[in-house]
Every structure is written in C-alpha cells, then in structure tokens.
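Read through the structure below, which is laid out as structure tokens, and then see the notes.
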Amino acid sequence: MEIKDKTGNIFDFRRLNKADALALGIYFESLSHETKCKFGPHALTQDSAHKICQFEKDPAHRFIAVTKSGIIVAYIILEFGMIDHEKHRYRNYGIKLEEGKDLFFAPSVLDDYQNAGLASAIFNELIPYAKNIGALSLVLLGGTQETNQLALAFYAKFGFQPLGGYQTDVYNIDMRLVL
Ligand SMILES: CC(C)(COP(=O)(O)OP(=O)(O)OC[C@H]1O[C@@H](n2cnc3c(N)ncnc32)[C@H](O)[C@@H]1OP(=O)(O)O)[C@@H](O)C(=O)NCCC(=O)NCCS
C-alpha cells in the first residue's frame, strides 16, 4: 500500500520479503551511529539482513517503507515470540504478557527521513493490522531510552503508556499500547 509523509512524499509500505535482502542490508549499514544506539533489536549488518530475509518460519512480521526508486527508508518489527527478559520486567509491573497476543514492536526510520511523519503514517496502518490479527497490545521492545525525546513524543501521541523503567548503560522507559 502507499503511504505519505508530512511533506507529501509517497512510499510503498509492505511486508519484507526474500528479495529485499540487499536493500535491507544497505538500510542497516546506512543508519547513523546515533540511530543504531537507539535501535538495536539485532545486528544491523548485510549478513544479518540476508539471514532475516531467508527465515522460513520468522516469529516476527517485518515491514518496510520503500521509495519509488527502491530505497528502504523504514524497517519495523512486530515480534510474536515471547522474550523472557521482557516478560519478567512486565510481570514486575503486574502485567502478564501473552505470547502471540502481546506483540513486541520496534520501529526505525532512516536518519534523513526521521521527524517527517513517516512512522506516524506507518503506525496508522499497523494499528488496524495488529488488531485484525488478534493482537491485544503492542509492547515497545526493550523500552525507549529516557533521552530519546522524539520517540517518547511519538509513542505518547499514539497512546502508549509508560509503565516503569530499567537501567542498562542508559535508563530505558517501558511503554505499552493496549489495542
Ligand atoms: C523513533 C522513530 C521510529 C519515529 O519515526 P519518525 O518518522 O521520525 O516519527 P514521526 O515524524 O512520525 O513523529 C515524530 C513526532 O515527534 C515529535 N518530536 C520530534 N522531536 C521532538 C522532540 N525533541 N521533543 C518532543 N517531540 C518531538 C514530532 O513533532 C512528531 O510529532 P507530531 O507528528 O505530533 O508533530 C524514528 O525517529 C527513528 O527511527 N529514530 C531513531 C531510532 C529510534 O529511536 N527507534 C525507536 C527506538 S524505541
């Protein structure tokens, strides 16, 4: 399907497929150090892109936004598998996450395309998609760094609720959207 950012640029928004490996690797390797510090669900390399695109039974639904010239500018993960350390943190908030119903969500946008409404346009499509497949909530994978003001504003706009936080080398805020 087609989506538009705030300036009217049009992108194709669709599920990732096997033929996207090279373009996805270029996307990963084009992300700035700053963006990679905020988005790290897995290795962001060409090799990782090839492995992801070859998964036969991927426990995640992966989406991309692509320019008319074929450049991937956004990569979004909806993870259906249970992740133990997330499950344990949420248990401490009094929330029992259910595998395949409470989906882990991790979005990323290429640096030059950030803060232009692209993830917002994507999210307007992803929420009905997640509801249609029976999801109960979207859980921010790993939370978001306390200093990531853009991401915090983005999640708050869509109704994600902060539940608590935890320390790694930075402080991270756990957020969840009940659908
Ligand atoms: C977080 C991310 C996915 C959001 O995607 P995006 O396309 O840039 O987001 P959008 O442009 O749709 O929305 C950003 C919102 O934040 C607001 N915003 C931007 N900078 C802000 C700031 N410093 N303080 C508060 N709000 C801010 C914008 O105004 C916009 O809100 P609006 O639509 O109400 O005006 C993307 O910026 C990204 O990939 N960042 C780096 C990696 C990352 O942080 N991933 C998420 C990890 S939790």
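Out of Lys38, Lys57, Lys51, report the one residue that is of a type in the set (Lys, Arg) and touching a strand residue (DSSP E or B) at 6+ places or on another chain (Cβ under 7 Å). Give the derivation first.
Values: Lys57 fails: touching a strand residue (DSSP E or B) at 6+ places or on another chain (Cβ under 7 Å); Lys51 fails: touching a strand residue (DSSP E or B) at 6+ places or on another chain (Cβ under 7 Å).
The match here is Lys38.
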- When you scan the stretch 141-179, how many residues do you find that are charged (D, E, K, R), surrounded by fewer than 15 Cβ atoms within 10 Å (Cβ to Cβ) and not in a loop (DSSP other than H, G, I, E, B)? 1
- Task: Restricting attention to the stretch 35-79, report how many residues are within 16 Å of the ligand (Cβ to nearest atom), over 25 Å from Met1 (Cβ atoms) and either more than 16 Å from the chain's Cα centre (by Cα) or among the small types (Gly, Ala, Ser) (or both).
- Result: 2
- Note on the structure: For the stretch 18-34 the number of residues that are touching a helix residue (DSSP H, G or I) at 6+ places or on another chain (Cβ under 7 Å) and more than 16 Å from the ligand (Cβ to nearest atom) is 4
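Go through the residues of the stretch 61-75 one by one and say whether even a single one is open to solvent by 90 Å² or more (accessible area, probe 1.4 Å) and farther than 20 Å from Val139 by Cβ. Talk me through it step by step, then tell me what you get.
Restricting attention to the stretch 61-75, the residues satisfying the condition of being open to solvent by 90 Å² or more (accessible area, probe 1.4 Å) are 68-69.
Add one more test, that the residue is farther than 20 Å from Val139 by Cβ, and what stays is 68-69.
Yes, because at least one residue in the stretch 61-75 is open to solvent by 90 Å² or more (accessible area, probe 1.4 Å) and farther than 20 Å from Val139 by Cβ.
Can Lys57 be described as open to solvent by 60 Å² or more (accessible area, probe 1.4 Å) and either modelled with pLDDT of 95 or more or part of a helix (DSSP H, G or I) (or both)?
On the way: open to solvent by 60 Å² or more (accessible area, probe 1.4 Å): yes; either modelled with pLDDT of 95 or more or part of a helix (DSSP H, G or I) (or both): no.
Against the criterion (open to solvent by 60 Å² or more (accessible area, probe 1.4 Å) and either modelled with pLDDT of 95 or more or part of a helix (DSSP H, G or I) (or both)), Lys57 does not qualify.
When the stretch 86-102 is examined, which residues are found to be surrounded by 15 or more Cβ atoms within 10 Å (Cβ to Cβ) and either in contact with an Asp or Glu (Cβ under 6 Å, 6 or more places away or on another chain) or in a helix (DSSP H, G or I) (or both)? Step through it out loud before you land on a result.
Restricting attention to the stretch 86-102, the residues satisfying the condition of being surrounded by 15 or more Cβ atoms within 10 Å (Cβ to Cβ) are 86-87, 89-90, 95, 97, 102.
Residues satisfying the conditions are Glu86, Lys87, Arg89, Tyr90.
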- Query: If you check every pair at least six apart or on different chains, which have Cβ atoms under 6 Å apart with a residue in the stretch 111-129 that is open to solvent by 30 Å² or more (accessible area, probe 1.4 Å) first and a residue that is within 10 Å of the ligand (Cβ to nearest atom) and in a loop (DSSP other than H, G, I, E, B) second?
  - Reply: Asp111/Ser32
- Do we have any residue at all in the stretch 105-126 that's of a type outside the set (Phe, Trp, Tyr), more than 13 Å from the ligand (Cβ to nearest atom) and over 19 Å from Lys38 (Cα atoms)? no
- Item | Boolean, Lys38 is surrounded by 15 or more Cβ atoms within 10 Å (Cβ to Cβ) and either without any contact (Cβ under 8 Å) to a residue 24 or more places away in the chain or among the basic types (Lys, Arg) (or both) | yes
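For the stretch 91-101, does any single residue satisfy the condition of being within 12 Å of the ligand (Cβ to nearest atom) and either without any contact (Cβ under 8 Å) to a residue 12 or more places away in the chain or more than 22 Å from Asn172 (Cβ to Cβ) (or both)?
Initially, the stretch 91-101 is screened for residues within 12 Å of the ligand (Cβ to nearest atom), giving none.
Among the residues of the stretch 91-101, not one is within 12 Å of the ligand (Cβ to nearest atom) and either without any contact (Cβ under 8 Å) to a residue 12 or more places away in the chain or more than 22 Å from Asn172 (Cβ to Cβ) (or both), which makes the answer no.
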- So which residues in the stretch 60-85 are part of a loop (DSSP other than H, G, I, E, B) and either among the polar types (S, T, N, Q) or more than 17 Å from Lys18 (Cα to Cα) (or both), if there are any at all? Thr67, Lys68, Ser69, Phe80, Gly81, Met82, Ile83
- Query: Any idea which of (1) under 16 Å from Phe104 (Cα atoms); (2) charged (D, E, K, R); (3) at pLDDT below 95 is the one Lys131 doesn't satisfy?
  - Reply: (3)
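The values are calculated or read from the model by the stated rules, or taken from the named source; none is laboratory data. Note that the structure is a prediction, hence the values are computed from the model and not measured. Quick reminder, even Gly has a Cβ in these numbers, built from the backbone with ideal geometry, and neighbours come from all protein chains shown. With ligands, DNA and RNA removed, areas are computed over all heavy atoms of the protein, side chains included. Shrake-Rupley method; radii C 1.70, N 1.55, O 1.52, S 1.80 Å.
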